[in-house]
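*Asks:* Have a look at the structure that comes next, please.
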Amino acid sequence: MRQNIYDDPEFFEYYHRLRSTGITYNDFVEQPALMGMLPELQDRQVLDMGCGSGQLAAYMIGQGAAHVTGADISARMLSLAAEHPKIRYIHGPMEELDFAAESFDLIVSSLAFHYVEDYEALMDRIARWLHPGGHLVFSTEHPVTTAKLDMDGWVEDQQGQRLHYALDNYSEEGIRHTRWVVEDVVKYHRTLSTLLNGMIRHGLQIEQVNEPEPIPGAVDKMPTLVHEWRKPSFIIFRAVKPV
Ligand SMILES: C[S@@+](CC[C@H](N)C(=O)[O-])C[C@H]1O[C@@H](n2cnc3c(N)ncnc32)[C@H](O)[C@@H]1O
């Protein structure tokens, strides 16, 4: 099942407003870690899968990338992206992208692969599209977060204090129906071994795995981040296609 939840007006409105605050898990946990894992960008040809409003694409151009192709299924998200002569935006599902072999030096994806059902096919195509020596860097929701069937893992006491996180259904991979802003947001749960072996099977060498923690000072601005030390929200991988 392929869903385009970011084009749902209510979801988009909420998400856009949230990201505009600059006080989000993206700003304080995921984006700093992912940016820190990017390889040298100078003169690189880059693909950003699930690029959203193009923030990361613009950052990578600012860091010297020669060209970024950004693809996203959501027209509303792409409508926020600023035009740039070195960025080409493609409106469509990443499952239908088609490029020549060895088209990119770097393929990135920030928090979009958990919306994709067929991870094996994704890794197969990414491995083909990378130049030898090229990198894949992607973040996804942590398997501990996506495991439980309703993805609602925090167990609270009667006062709403978080007691602990319930891990369940871990080996039951596949679709998850969860509520975030709207009902029935669809995501896909994969175990850690599936995430790692998918890259390995397609010939990619894993260079770094990161379960990011909040950046210093973030908890003062966003107190709920204290729970990131109890249960990680994200995991980020960096892999290389051998020369
Ligand atoms: C959490 S947002 C992240 C956006 C952006 N990468 C960022 O970090 O700001 C996830 C993005 O993935 C996109 N997306 C979800 N499923 C997709 C698919 N099958 N193909 C392409 N984009 C997809 C959504 O439309 C949304 O823009």
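*Asks:* Where does the stretch 105-243 land on the Kirkwood hydrodynamic radius, alpha-carbon pairs, in angstrom?
*Replies:* 16.3
*Asks:* If you don't mind, another one. Restricting to bridges with both residues inside the stretch 41-138, how much of the DSSP beta-bridge set is antiparallel, in percent to the nearest 5?
*Replies:* Here the share of antiparallel DSSP bridges comes out near 5 percent.
*Asks:* Separation of the stretch 61-93 and the stretch 9-53 by C-alpha centroid, Å?
*Replies:* 12
*Asks:* A further question on this structure: Using a Gaussian network model of the chain whose springs link C-alpha atoms within less than 10 Å, name the residue from 84, 142, 114 with the highest mean-square fluctuation.
*Replies:* In the Gaussian network model the winner is 84.
*Asks:* Could you give the length gained on full extension between residue 164 and residue 17, defined as 0.36 nm per residue of separation minus the Cα-Cα distance, in nm?
*Replies:* So the extension gain works out to 50.0 nm.
*Asks:* Apply the Karplus parameterisation 6.51 cos²θ - 1.76 cosθ + 1.60, with θ equal to phi minus 60°, to every residue of the stretch 160-175 and state each ³J(HN,Hα) to the nearest whole Hz, in sequence, with x for glycine and proline.
*Replies:* Going residue by residue, I get x, 7, 6, 8, 6, 9, 8, 9, 8, 6, 4, 7, 8, 6, x, 5 Hz, with x marking Gly and Pro.
*Asks:* Taking just the C-alpha trace of the stretch 1-55, give me its Rg and Dmax in Å.
*Replies:* In Å, with Rg to one decimal and Dmax whole: 13.9, 39.
*Asks:* If the viscosity is 1.306 mPa s and the temperature 10 °C, what Stokes-Einstein diffusion coefficient in µm²/s follows for the stretch 108-178 when Rh is the Kirkwood radius over Cα pairs?
*Replies:* The diffusion coefficient I find is 110 µm²/s.
*Asks:* So for the chain: antiparallel DSSP bridges make up what percent, rounded to the nearest 5?
*Replies:* 55
*Asks:* About the Cα centre of the chain, what is the dipole size in debye to 20, counting +1 per Lys and Arg Cβ and -1 per Asp and Glu Cβ, all else neutral?
*Replies:* Using Cβ point charges on Lys, Arg, Asp and Glu, the chain gives about 440 debye.
*Asks:* How many lysine pairs in the chain, separated by 8 or more positions in sequence or lying on different chains, have Cα atoms less than 23 Å apart?
*Replies:* Number of lysine pairs found: 4.
*Asks:* Can you bin the stretch 18-141 into rounded, prolate or oblate? Criterion: square roots of the alpha carbon gyration tensor eigenvalues sorted a ≥ b ≥ c, rounded for a/c under 1.5, prolate for a/b above b/c, oblate for the rest.
*Replies:* Rounded, because the longest to shortest axis ratio a/c is under 1.5.
*Asks:* Now a separate question. Two-decimal Rg/Rh of the stretch 159-210 from alpha-carbon positions, Kirkwood Rh?
*Replies:* Using Cα coordinates only, the ratio equals 1.10.
*Asks:* Could you tell me which residue out of 32, 155, 12 lies farthest along the dipole of the chain toward its positive end? Charges go on the beta carbon: Lys and Arg +1, Asp and Glu -1, centred on the Cα centre.
*Replies:* Checked the options; the winner is 32.
*Asks:* Output needed: percent of Cα pairs per 5 Å distance bin for the chain, bins running from 0 to the one holding the longest distance.
*Replies:* Per 5 Å bin, starting at zero, the Cα-Cα P(r) for the chain comes out as 1, 6, 13, 17, 21, 18, 13, 7, 2, 1, 0, 0 percent.
*Asks:* What is the stretch 41-138's relative contact order, in percent, from Cα pairs under 8 angstrom and six or more apart in sequence?
*Replies:* For the stretch 41-138, the relative contact order is 29 percent.
*Asks:* Considering the options 93, 205, 111, tell which one lies farthest towards the positive end of the dipole of the chain, charges being +1 on Lys and Arg and -1 on Asp and Glu at the Cβ, about the Cα centre.
*Replies:* 205
*Asks:* Counting each DSSP H run of 4 or more residues in the chain as -39500 (n - 2.57), what helix-only mean residue ellipticity at 222 nm follows after dividing by all residues, to the nearest 500 deg cm²/dmol?
*Replies:* -6500 deg cm²/dmol
*Asks:* A follow-up question, please. Peptides 157-169, 44-56, 228-240: what's the order by average Cβ count within 10 Å, highest mean first?
*Replies:* Result, highest mean Cβ count within 10 Å first: 44-56, 228-240, 157-169.
Since every read-out is calculated from the coordinates, none of them should be taken as a lab result. For clarity, every value in this text was computed on a predicted model and none was experimentally measured. Counting neighbours? That spans all protein chains shown, and the Cβs are built from the backbone with ideal geometry, glycine included.
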